[in-house]
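Have a look at the structure below, then the notes.
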Amino acid sequence: MTIAFISHPDCAAYAAGAEHPDVPARLGAIQDQLLSTGLDVALRHYDAPLVTREQLCRAHVAGYVDGVFGAAAGDGADVGPQLLNAALRAAGAAVLAVDLVLSGRSTSAFCSVRPPGHHAERDRGMGFCVFNNLAVGALHALRAHGLERVAVVDFDAHFGNGTDAILGGMPEVLQCSLFQYPFYPYTLPERDDTRAVHIRLPANSDGARLRAEVASCWLPRLEAFRPGLIMISAGFDAHAEDDMADLLLGEQDFAWMTHRLRECAERHAQGRIVSLLEGGYAPAALGRCVAAHLKALLG
């Protein structure tokens, strides 16, 4: 069992503002936890490459991609050069992760990147997201590698509206998500059908509620779908210590979900999992959650 750990200094090089929740220290807290637990030596480290325009345009309309690049070149833009570089590395990490896992060079991969991506839609960014990292990776798996079935799992506390808008309804994709509702982005999935199962959790839901919902809703659908790859939008802002949501999960709950997903991947996908960091804004809790997630991936 080998895990690729993909990151890049560019992902920690931009700061969105003193009061912004998405601080560079998030990635530092993950690295500190890996070092203190000894997990660091069990991982294969890779630098995230820059995503290409062709790879981005599988998930985003060309006009939006060109507009982001144009805005970054202007003065006083919301997307400056440092944020653009980080966003290009974050999406590039997803592509590299897919390549490593589908080529057999790694069993699974974790992308420790920012900005997150699951709110970014085809033609606009939202929240803290510029490009939809997971959608870029999933479409790379389907289009460049010819994979037939990809399961997309999102356990961030916020609904991944961008991922739903880009991948929703595709017969090659099964979406499994959970999120607090009502909550940002205050929209609901366009569909709950044979290719999508979305769990809406009320505020103050705990690990027991989560496990019951996942066991009854996600797991049977994943088994029936038999994915060739599982991709995870790994948001950890549902942790009880994170004030960006009102859910009460602990590290053990994220580990439990990861174990169940790994078991499914081992049965149907040769163990292949690609996980990408989304939310998680209490750095100490985030570090512990990612460590628990990686330990579960390691088995």
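Every number in this text was worked out from the coordinates using simple rules, so none of it is lab data. The structure displayed is predicted, hence computed values, not measured ones. No Cβ is skipped: glycine too gets one built from the backbone with ideal geometry, and neighbour counts run over all protein chains shown.
Based on the mean of other beta carbon atoms within 10 Å per residue, what is the order of 96-106, 273-283, 16-26, most packed first?
So the order, starting with the most tightly packed, is 273-283, 96-106, 16-26.
Which ordering of Arg272, Arg267 is given by a fewest-first count of other beta-carbon atoms within 10 Å?
Exposure proxy ranking, most exposed first: Arg267, Arg272.
Going through [x] 65, 53, 33; [y] 51, 40, 39; [z] 70, 62, 39, the figure that equals Cα extents along the principal axes in Å as computed for the structure here is [y]. Our analysis of region 54-197 gives Rg over Rh at 0.96, with the two radii drawn from alpha carbon positions and Rh computed by the Kirkwood formula. Taking every full run of DSSP H in the chain, the ones that stretch at least 27 Å from end to end by Cα along their long axis and average 0.0 or higher on the Kyte-Doolittle scale are 81-102.
Each of Thr194, Thr2 was scored by other Cβ atoms within 10 Å of its Cβ. Listed from fewest to most, they are Thr194, Thr2. Each 10 Å bin from zero up to the one holding the largest Cα-Cα distance in region 172-257 carries the following percent of pairs: 16, 50, 31, 4. Cβ-to-Cβ counts within 10 Å put Thr187, Thr258 in ascending order as Thr187, Thr258, the fewest first.
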